[in-house]
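Read the structure below first, then the notes.
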Amino acid sequence: MASLAMALPILPGKSDAIRKMFKAAKEEKWQEYVQSQKRAGVTMERDFIQPSPMGDMLIFYLESDDFNKTFSEFGASMDPFDIWIKNGLKDATGVDFSQPQSGPLPEQVMAYDS
């Protein structure tokens, strides 16, 4: 199982939109979220808002057997939930997950397991 963490700057004034979107995913759209994760091969996801001097950051932590599949499946998906979450992320961060990423995935530089 591979893991990945990614930090995205949240656009000014959009932190509450991120909170509301994830709250809706947890409370109103949970089954759609679960199906989306299964389609994309995600086995674990954790999301955080991290305040910083440069503004709030959205931090994702994901686990998957194949991140190429994960990102290509999610990016190409026309499922209504996936479109909803991609639109919300694009509005709040400026990152369009329906487009192929232009650079490499984040580099892990340290790991610890007890």
For the pair PHE60 and ASP91, the simple spin-label estimate (label points 7 Å beyond Cα toward Cβ) gives in nm 1.8 nm
What aspartates and glutamates does LYS23 reach when the alpha-carbon gap must be under 16 Å and sequence neighbours fewer than 8 apart in one chain are set aside?
GLU32, GLU45, ASP47, ASP82
Taking GluC sites (Glu not before Pro) that fall in a DSSP loop and have at most 13 other Cβ atoms within 10 Å as cut points, what is the longest piece of the chain between them?
29-106
Proxy exposure order for SER36, SER102, SER114 (fewest C-beta within 10 Å first) is SER114, SER102, SER36
Pulled fully out, how much extra length does the chain show between GLU27 and ALA76, if you take 0.36 nm times their separation in residues and subtract their Cα-Cα distance?
15.1 nm
All-pairs alpha carbon distance profile, the stretch 2-93, 10 Å steps from 0, percent
16, 49, 32, 3
Gain in length, TYR112 to GLN99, computed as 0.36 nm per residue apart minus the alpha-carbon separation, to one decimal in nm?
1.4 nm
Helix-only CD estimate at 222 nm, as mean residue ellipticity for the chain, using -39500 (n - 2.57) per DSSP H run (n ≥ 4):
-13000 deg cm²/dmol
Order of PHE48, PHE60 from fewest to most other C-beta atoms within 10 Å?
PHE48, PHE60
Ranking TRP30, TRP84 by Cβ neighbours within 10 Å, fewest first, what do you get?
TRP30, TRP84
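The numbers here are math on the coordinates, done by the rules we state, and not lab data. The structure presented is a predicted model; accordingly, all values stated were derived computationally and were not measured. Glycine also receives a Cβ, built like all others from the backbone with ideal geometry; neighbour counts cover every protein chain displayed.
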